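The values are calculated or read from the model by the stated rules, or taken from the named source; none is laboratory data. Not measured: the values here are computed from a predicted model. Glycine also receives a Cβ, built like all others from the backbone with ideal geometry; neighbour counts cover every protein chain displayed. All accessible areas refer to the heavy atoms of the entire protein, side chains included, with ligands and DNA or RNA removed. Shrake-Rupley method; radii C 1.70, N 1.55, O 1.52, S 1.80 Å.
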Protein chains: 2
Amino acid sequence: MRKFAAERSRYLLAHTNDFSSVLQHPTASLYSSSSRSLKSQLLLRFLNTTAAPNPSSSDSMASDYSSAPVKLDSINPKVLECEYAVRGEIVTLAQKLQEELKKNPGSHPFDEILYCNIGNPQSLGQQPITFFREVLALCDHPAILDKAETQGLFSADSIERAFQILDQIPGRATGAYSHSQGIKGLRDTIAAGIEARDGFPADPNDIFLTDGASPAVHMMMQLLIRSKNDGILCPIPQYPLYSASIALHGGTLVPYYLDEATGWGLEISDLKNQLETAKSRGISVRALVVINPGNPTGQVLAENNQQQIVDFCKKEGLVLLADEVYQENIYVPDKQFHSFKKVARSMGYGEKDISLVSFQSVSKGYYGECGKRGGYMEVTGFSPEIREQIYKVASVNLCSNISGQILASLVMNPPKVGDESYESYSAEKDAILSSLARRAKKLEEAFNGLEGVTCNRAEGAMYLFPRIELPKKAIEAAKAVNTAPDAFYARLLLNATGIVVVPGSGFGQVPGTWHFRCTILPQEDRIPAIISRLTEFHKGFMDEFRG
Amino acid sequence: MRKFAAERSRYLLAHTNDFSSVLQHPTASLYSSSSRSLKSQLLLRFLNTTAAPNPSSSDSMASDYSSAPVKLDSINPKVLECEYAVRGEIVTLAQKLQEELKKNPGSHPFDEILYCNIGNPQSLGQQPITFFREVLALCDHPAILDKAETQGLFSADSIERAFQILDQIPGRATGAYSHSQGIKGLRDTIAAGIEARDGFPADPNDIFLTDGASPAVHMMMQLLIRSKNDGILCPIPQYPLYSASIALHGGTLVPYYLDEATGWGLEISDLKNQLETAKSRGISVRALVVINPGNPTGQVLAENNQQQIVDFCKKEGLVLLADEVYQENIYVPDKQFHSFKKVARSMGYGEKDISLVSFQSVSKGYYGECGKRGGYMEVTGFSPEIREQIYKVASVNLCSNISGQILASLVMNPPKVGDESYESYSAEKDAILSSLARRAKKLEEAFNGLEGVTCNRAEGAMYLFPRIELPKKAIEAAKAVNTAPDAFYARLLLNATGIVVVPGSGFGQVPGTWHFRCTILPQEDRIPAIISRLTEFHKGFMDEFRG
């Protein structure tokens, strides 16, 4: 398989300009017209719903807007190009089915929609860490801090922490814009947390707090990309934030393939090939994106592999953009998280030797606080004048939300042994992480038990990315309805079971292979039912389309 | 003056391509070299501090980063072009002075820095509205909702409201990503609030909740701007978010001048001239930005003027981008806020007749919750397929922060007569707004009492934008240190008094005129001292430089 991947990507680099065949659009018009040519009753049932063409309900026809000044062919073409499958058409359809279920219970062969499309743990029942929420509530309404009743409602250390945080905020004003990099005291805490994690110093002035990791990624793309001739090396499969951001900023995604056969391994030789091919086509490659633990692929990089990556970036003059948002999500005893900064510093490379950006988020880990939109990037190895430009871009949006900033500081400095909350915090954290590990294992085994499906183990992150060998007939049926075969599978799965997964074509995959991404996030007691629904569907699907 | 403005802007449109002379850079290197050529001891004292060249402290010289891959000449030139004066160099200098004061009290002729550069009320002591914070705290930590102590700490209606809001959130999960437009139930509330305000229907599917108004503005610019040949009509003076966003998205700012002589009036004839001139130069003008109440200028548009603007946009096929974030900040009895949507609907124009986007924020009004980063845009008059593109761009960042979303719903649906909190809410709100009106009046009178200064009244928003007739000698002195004269004045003001204002050149002004923007936000009991510091400085400045 590795050979195949390298072969294909060389071919693609040589023959395409925008890599569009690598990142096929997941669905086009499955529910458009020709479904009647398929004779299967089963399929007709699967196809009897249509996705709303517009996420905002509207009973108006587009043609009525003929005098509106903005037409599809007059908007920014970069917006048109951008695709973001994890909130794409399959999800829009799922939302429609959910509304139908609400209005007419029993209208579908399932009771509820199970959103396994996105790493959104609390939407599937994961509870927030109590200590974190206590501190947030107290910072939102500091007036209650001195009240007697508060002692009965909140832990002593959450009250103490809230006081500490408020003292770090000028005027204790949690409702004021902060410094555009984030509140200095919180950045001090985060830097101390990074230091404790890595064993190497971290500078609070290197931290830029952001509304989740996504805006930080956009900021770096905005800084680095000047035109279509600027390239960013991205893994395939990749988290589509990267392809979307590169498209929106008008750059070129230069793909390198993760090797499914070796557990989604990252081969330096492939990186080199892709870089050289891109260069030979006039593309100036600016940065390398590495997602570790991997999304959608779930692998955890070995330290020596990370060292090779650091050396590669240093030698080739690339900025290393390290997506490390899953740093707390590791499920196998033989793997550990090492930040790229720790790896680089361990190799003796200092601030001036390598340009490295690490992204972290409060949305992942055991905390899973997606709705709080907290995150940061740690920016090292850039000259003061470049840092000033990053600061300027950050300042245009004034600052990230203060609750998210506070939460980012809590995540990097949770309760310690001896704190009143430590035991409950620790129990909550361990319960979540050990349950996630069990769920990952169970789903992995279930996928591997399905005909024609193989699935690498989820070493980390929140996803499995099984590969399906789709029968020829299924591929033909998908073609007949003008849809990518994996999107066809995902669509039928949704219609039959209510389970929402994202087709591999939304992440990129070796052409001719088909996958889907499924989160490990449904609550543990639901996993057996999900597995049996999946298994039943898959059997029916294969029976329908097997050669 | 109106004539002069039209004359100048015609000249500029005819002679420049990027309008850079309209938006002069506020400061360059005031503290660089030649200050010794100025013989004034006063001036030397004023100039004896230097701004940090880099907001992130760093003792490293840029040259040490010679092997770093990213150089100033290799970043996105749009980032280099972008300027954002309200967090620009003067503010960086102020932060430095603040640190010096902390380390060495008495090191400057003032005790503290007064940040009048930005509409950030809570940073200057404004207290948040209690009801809003109660609800936010309860939604952050719903576990306490059923506890007995909670009844003693929180108002009954805040508890009820928190329950209502939680019921609107799928799974009551305030820690989950929401729908990319925002939680549907909160959008329902906001739409109802808009309806109640305007007397015309509002559709929750038209609402896009965002992290403050800024990301919403960026989203629209990203959609509309394809290249330098796409223009956006913006008022001069303007809030520099607009010039920054247009620069970052690679478009052209087409300026129209507000007429200082008629209280910053908006002349349709000037709009037409600017549009025609831009067209004749091959610029396709896509949208018109109107800020009402005005920023930095503080005027409130008359309804018939708004009608003219609506007709102009309709006739010329322009999207009307209505910045209405100061809709609650009106300080004069003869003016009222009318949303552009209300005005358009009152004229009989429906959804299909005009493309209109209204921006609102939780950062302004009487609430001033800047740090919460809540806001929304109401998007009307766009076809479903364009709406789908806006949704897609919103989905790439998943969703805005949930606390900000909740707060946006509270702001559009505050306590009503009969609710337990109504009286205290109402008292807090009235106290803030009436105090702001008094502060605006006092500062306006003070500015008008200064030699060579004229200042229009602040009808709304949070700013005064006085004009200074700078003596010839001052202009020469500024030139000698390679700085815009208004930035020179602002710099000396800061060094002498600790008061931070933003030079007019950061907002744009009729060439040859000089202004600064000063917020009306310092607490009321501080205003007399501020006025006397300002007055004393101004007298000294004029004595120094008077001809």
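Some observations on this one:
- Residues of region A:269-290 that turn out to be open to solvent by 20 Å² or more (accessible area, probe 1.4 Å) and in contact with a Phe, Trp or Tyr (Cβ under 6 Å, 6 or more places away or on another chain), as a count: 0
- The listed residue being within 14 Å of chain A (Cβ to nearest Cβ), out of contact with any strand residue (DSSP E or B) (no Cβ under 9 Å at 6 or more places or on another chain) and more than 25 Å from A:ALA213 (Cβ to Cβ), out of B:SER421, B:SER403: B:SER421
- Total residues in region B:74-91, condition surrounded by fewer than 19 Cβ atoms within 10 Å (Cβ to Cβ) and more than 9 Å from chain A (Cβ to nearest Cβ): 1
- A:LYS335 being part of a loop (DSSP other than H, G, I, E, B), out of contact with any Ser or Thr (no Cβ under 8 Å at 6 or more places or on another chain) and more than 12 Å from chain B (Cβ to nearest Cβ): yes
- Test result for B:VAL332, surrounded by fewer than 17 Cβ atoms within 10 Å (Cβ to Cβ) and hydrophobic (A, V, I, L, M, F, W, C): yes
- Test result for B:HIS218, closer than 26 Å to B:TYR391 by Cβ and of a type outside the set (Asp, Glu): yes
- Flag for B:LEU248 being over 23 Å from B:SER280 (Cβ atoms), at the interface with chain A (Cβ under 9 Å from one of its Cβ atoms) and open to solvent by 10 Å² or more (accessible area, probe 1.4 Å): yes
- Long-range neighbours under 6 Å by Cβ, at least six apart or interchain, first residue hydroxyl-bearing (Ser, Thr, Tyr) within region B:158-174, second open to solvent by less than 70 Å² (accessible area, probe 1.4 Å): B:SER158/B:PHE131; B:SER158/B:GLU134; B:SER158/B:VAL135; B:THR174/A:GLY371; B:THR174/B:CYS139; B:THR174/B:ILE402
- Just so you know, in region A:177-216 the residues that are open to solvent by 10 Å² or more (accessible area, probe 1.4 Å) and of a type in the set (Phe, Trp, Tyr) include one that is nearest to the other protein chains (Cβ to nearest Cβ), and it is A:TYR177.
Residue-wise test of (1) in a strand (DSSP E or B); (2) closer than 23 Å to B:TYR326 by Cα.
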position	(1), (2)
B:ILE232	yes, yes
B:ALA244	no, yes
B:LEU258	yes, yes
B:ALA261	no, yes
B:ASP270	no, no
B:GLN274	no, no
B:LYS279	no, no
B:GLY282	no, no
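- Qualifying residues in region A:227-245 (those that are open to solvent by less than 10 Å² (accessible area, probe 1.4 Å) and among the hydroxyl-bearing types (Ser, Thr, Tyr)) - the one nearest to the other protein chains (Cβ to nearest Cβ): A:SER245
- Checking the stated criteria, A:LEU166 turns out to be away from chain B (no Cβ under 12 Å), touching a Leu at 6+ places or on another chain (Cβ under 9 Å) and modelled with pLDDT of 95 or more.
- Here B:GLY298 passes the criteria (1) within 23 Å of B:ILE330 (Cβ to Cβ); (2) touching a helix residue (DSSP H, G or I) at 6+ places or on another chain (Cβ under 6 Å); (3) of a type in the set (Gly, Ala, Ser) except the one numbered (2).
- Odd one out for A:LYS341, checked against (1) within 14 Å of chain B (Cβ to nearest Cβ); (2) at pLDDT 95 or above: (1)
- Residue list for region A:92-123, restricted to those being open to solvent by less than 30 Å² (accessible area, probe 1.4 Å) and either without any contact (Cβ under 8 Å) to a residue 24 or more places away in the chain or hydrophobic (A, V, I, L, M, F, W, C) (or both): A:LEU93, A:ALA94, A:LEU97, A:LEU101, A:PHE110, A:ILE113, A:LEU114, A:CYS116, A:ILE118
- Inspection of region B:136-159 identifies at least one residue that is open to solvent by 10 Å² or more (accessible area, probe 1.4 Å) and away from every other protein chain (no Cβ under 13 Å).
- Flag if B:ALA446 is more than 26 Å from B:GLY506 (Cα to Cα) and outside any loop (DSSP other than H, G, I, E, B): no
- The listed residue being more than 9 Å from chain B (Cβ to nearest Cβ) and open to solvent by 20 Å² or more (accessible area, probe 1.4 Å), out of A:ALA437, A:ALA408: A:ALA437
- Selection count where residues are assigned to a loop (DSSP other than H, G, I, E, B) and within 19 Å of A:LEU136 (Cα to Cα), scope region A:340-373: 9
- Qualifying residue in region A:513-520 (condition: within 30 Å of A:LYS102 (Cα to Cα), touching a Leu at 6+ places or on another chain (Cβ under 7 Å) and at pLDDT 95 or above): yes
- For region A:203-221, the count of residues that are at negative phi and at pLDDT below 95 is zero.
- For region B:470-494, the set of residues classified as open to solvent by less than 10 Å² (accessible area, probe 1.4 Å) and outside any loop (DSSP other than H, G, I, E, B) consists of B:ALA474, B:ALA477, B:ALA478, B:ASP486, B:ALA487, B:PHE488, B:TYR489, B:ALA490, B:ARG491, B:LEU492, B:LEU493, B:LEU494, listed by residue number.
- Screening A:GLN306 against (1) within 14 Å of another protein chain (Cβ to nearest Cβ); (2) at pLDDT 95 or above leaves a single unmet condition, (1).
- B:LEU224 at the interface with chain A (Cβ under 10 Å from one of its Cβ atoms), at pLDDT 95 or above and on the phi < 0 side of the Ramachandran plot: yes
- Between B:VAL357, B:VAL379, B:VAL362, B:VAL396, the distinction of being of a type in the set (Val, Ile, Thr) and touching a Phe, Trp or Tyr at 6+ places or on another chain (Cβ under 6 Å) belongs to B:VAL396 only.
- Leading residue by the ranking (farthest from the other protein chains (Cβ to nearest Cβ)) among those in region B:368-393 that are touching a strand residue (DSSP E or B) at 6+ places or on another chain (Cβ under 6 Å) and hydrophobic (A, V, I, L, M, F, W, C): B:MET377
- Among the residues of region A:510-547, those identified as basic (Lys, Arg) and open to solvent by 50 Å² or more (accessible area, probe 1.4 Å) are A:ARG526, A:ARG533, A:LYS539, A:ARG546.
- Within this structure, A:GLN127 passes the test of being farther than 18 Å from A:GLN360 by Cα and open to solvent by 50 Å² or more (accessible area, probe 1.4 Å).
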